[in-house]
Amino acid sequence: MNDLQTSLFVIGGVIVVGVISYNKWQEHKAKKSVERAFSSSHDDVLMAPEGRESPEERLEPIIDGERHEPTFSENPYDDVAPVQQDAAAPHAEAEMDAPVDFVQPVEEKELPVDYLIDCTIPLALTTQLRGEKILSALQSLRHVGSKPVHFAGQHIDGGWEAITHGGIYKSLMAGVQLANRSNALNELEYSEFVMRLRQIADDFDADPDVPDMAEVMVTARSLHHFVTEYDAKLSVNVHTNGAPWSVTTLLAALERQGFDVRPEGRLVMPDGDGGVLFSLSTNVTLAEETTSRLTLLLDVPVVAPERDGFGAMTACARSLAARLDGTVVDDGGQPLSDASLNEISGQIEAFYADMEAADIPAGSTRALRLFN
């Protein structure tokens, strides 16, 4: 080996050592930056959903085109006796002070079969049946395709309810969901539903009143059109202003601060009642050690307006940006200014108002079923 070859080997070795050292230094720097960001003990507005003030800023949902409301069938539960709240006053003085025209609000039971989003089929029973016998037979019909199937029973006292053990029922109501995020109920799914329901009806000596398939398909497509129109997801991003962040340290810190890690790897901010306000993604695979961008995502129709999911998400993004030396940006990497965020307030309110007008309020059981 001559001097030239020796020199080249030495130079190459120095370069390799230099690259490895630089990468280790960058990794150490990213980890330290995240540790410093979350080492502060001050209160964090993003991690206290219940006590957080709603920010004035809003983000614009991308909802193009004219909105159309679907047409639905009539309510088959018109004869259901509503649950009357106890109007008795605790003291005689309170009764005397109450206005004479006072009307106590009525609370309706929430039934598993929903006339607005299900194709409902009543089953007239020739004899009364106990709940345990009905439930045993219904286990074989819980889904057709991707659409869930639900049942309700009319109790012997006349009220409708979810079928329970120990109950005695004089008629039944079956319902298959007309649409979800994926698609509308189709002819094959409906045919399967009717066929399997008839088998159950035969076991109960019941007579199902099956609606015309063509009418059901029109209603299903109309409802799916509504779901498509209001399937809005809003995102904001936090991009680093300097070195990338250590993913391992970042995830551990976020989990300590209130985020839940779901089995599929998603990070979600809980709403305190078993639901989700918004989710967070690191935008990298598990094999990568650092990330330069975090994405926060709000599923608008499944979060009730009073939760202020967008306010919580933007507060979270700003807090993270301040802690991690980042900038709140849109999907194109452009900074989201206060002016651009404030412009969205009316559109968000209109979005929720439209859902309310369609009798499918955001965050309601109906919305959770449809936008699934």
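Inside region 158-188, can you point out the residues that are more than 30 Å from T228 (Cβ to Cβ), without any contact (Cβ under 8 Å) to a residue 40 or more places away in the chain and open to solvent by 10 Å² or more (accessible area, probe 1.4 Å)?
I163, T164, H165, G166
Please find, within region 124-153, the residue that is nearest to D207 (Cα to Cα) out of those that are assigned to a strand (DSSP E or B) and of a type in the set (S, T, Y).
Going through the qualifying residues, I end up with T126.
Can you tell me which residue is nearest to V236 (Cα to Cα) among those in region 271-287 that are small (G, A, S) and outside any strand (DSSP E or B)?
Within region 271-287, the match that is nearest to V236 (Cα to Cα) is G275.
Report whether or not N241 is open to solvent by 40 Å² or more (accessible area, probe 1.4 Å) and more than 17 Å from the chain's Cα centre (by Cα). Spell out the reasoning first.
Values: open to solvent by 40 Å² or more (accessible area, probe 1.4 Å): yes; more than 17 Å from the chain's Cα centre (by Cα): yes.
Against the criterion (open to solvent by 40 Å² or more (accessible area, probe 1.4 Å) and more than 17 Å from the chain's Cα centre (by Cα)), N241 qualifies.
If you go through region 301-315, how many residues are out of contact with any strand residue (DSSP E or B) (no Cβ under 6 Å at 6 or more places or on another chain) and hydrophobic (A, V, I, L, M, F, W, C)?
The total comes to 4.
Touching a strand residue (DSSP E or B) at 6+ places or on another chain (Cβ under 8 Å) and among the aromatic types (F, W, Y), is that true of F351?
no
Kindly establish whether V268 is part of a strand (DSSP E or B), more than 30 Å from N186 (Cβ to Cβ), modelled with pLDDT of 95 or more and among the β-branched types (V, I, T). Let's see the steps before the verdict.
On the way: part of a strand (DSSP E or B): yes; more than 30 Å from N186 (Cβ to Cβ): yes; modelled with pLDDT of 95 or more: yes; among the β-branched types (V, I, T): yes.
Yes; evaluated as a whole, the condition is true for this residue.
Kindly provide the set of residues from region 288-318 that are within 25 Å of D354 (Cα to Cα), among the small types (G, A, S) and in a helix (DSSP H, G or I), ordered by number. Steps first, answer last, please.
Initially, region 288-318 is screened for residues within 25 Å of D354 (Cα to Cα), giving 296-314.
The next check asks that each one be among the small types (G, A, S); those that pass are 304, 309, 311-312.
If the condition is that a residue be within 25 Å of D354 (Cα to Cα), among the small types (G, A, S) and in a helix (DSSP H, G or I), then G309, G311, A312 are the ones that fit.
Identify all residues within region 319-339 that are free of Cβ contacts under 8 Å to residues at least 12 places away in the same chain and part of a helix (DSSP H, G or I); write none if there are none.
A322, A339
Any chance you could count how many residues in region 198-220 are under 30 Å from the mean Cα position of the chain (by Cα) and crowded, with 17+ Cβ neighbours inside 10 Å?
Qualifying residue count for the region: 4.
Scanning for something within 30 Å of A243 (Cα to Cα), of a type outside the set (F, W, Y) and surrounded by fewer than 17 Cβ atoms within 10 Å (Cβ to Cβ), does region 347-365 turn up at least one residue?
Start the filter on region 347-365 by keeping residues that are within 30 Å of A243 (Cα to Cα), which leaves none.
Within region 347-365 (the criterion being within 30 Å of A243 (Cα to Cα), of a type outside the set (F, W, Y) and surrounded by fewer than 17 Cβ atoms within 10 Å (Cβ to Cβ)), the answer is no, since none of the residues qualifies.
Rundown of residues vs (1) without any contact (Cβ under 8 Å) to a residue 60 or more places away in the chain; (2) farther than 30 Å from A124 by Cα, yes/no style:
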position	(1), (2)
Y190	no, no
D203	no, no
V210	no, no
M213	yes, no
R221	yes, no
A252	yes, yes
R262	yes, yes
G274	yes, yes
T282	yes, yes
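What number of residues within region 127-157 are free of Cβ contacts under 8 Å to residues at least 60 places away in the same chain, open to solvent by 20 Å² or more (accessible area, probe 1.4 Å) and among the β-branched types (V, I, T)?
Adding up the residues that qualify gives 1.
The values are calculated or read from the model by the stated rules, or taken from the named source; none is laboratory data. What you see is a predicted model; the values in this text were computed from it and never measured. All Cβ positions, even for glycine, are placed from backbone atoms using ideal geometry, and neighbour counts span all protein chains on display. Protein only, heavy atoms only, side chains kept; ligands, DNA and RNA dropped before computing areas. Shrake-Rupley method; radii C 1.70, N 1.55, O 1.52, S 1.80 Å.
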